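Every read-out reported here was derived from the displayed coordinates using simple, explicitly stated rules and does not represent laboratory data. Model, not experiment: these values are computed from the prediction. Cβ atoms come from the backbone with ideal geometry, glycine included; neighbour counts cover every protein chain shown.
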Amino acid sequence: MIVYSDTSALVKALLLEIDTERVRSWFGRAEQVASSVITYAEACAALARRDRLHGPDSAALRAQVATLDANWSEFIVIPVDEHAAGRAALAHGLRGMDAVQLSAALGLRAFVTEYAPDARVAFAAFDRELLEAAKREGFATLDPTLD
């Protein structure tokens, strides 16, 4: 199984909070983890925002970014297709970055279907609207209401 992770799932894997172990388990069971190129910047922004709200603790933030970097180097990184993201936004009423995430997962699934038809792509997120859109697109979803 390939897990497509949006930013909310990736950030859960980096921090110690509710559902961290669940996400780490999802990633650990996956053959590969993938995400959109935008996820790195969104994750850094989320980590910095958390640091501002709970800190600041520059050593902890550096450690979190180092963990992000180590994990990111193992990810399949999907480029942004702005037209596909626009179609996803229109079809599902998604916010812009959520539409980018869904369209990246759709592009990944199309590629996987063509080149490894037996592989399965699951979608991991902690945003209800995005998960519902992923389900409508036929993805198996990894979310906090499952497992």
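The table below lists the values:
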| read-out | value |
| --- | --- |
| Helical segments meeting 27 Å axial Cα length and Kyte-Doolittle 0.0 threshold in the chain (DSSP H) | 96-115 |
| Options (1) 19.0, 81; (2) 14.9, 47; (3) 27.6, 97 - which one matches Rg and Dmax of the Cα atoms in Å as calculated here | (2) |
| 5 angstrom amide H check on Ala140, placed H, neighbours 5+ away | Phe123 |
| Ranking of Glu137, Glu74 by count of other Cβ atoms within 10 Å, fewest first | Glu74, Glu137 |
| Value at 222 nm in deg cm²/dmol, rounded to 500, when DSSP H runs of n ≥ 4 in the chain each add -39,500 (n - 2.57) | -19500 deg cm²/dmol |
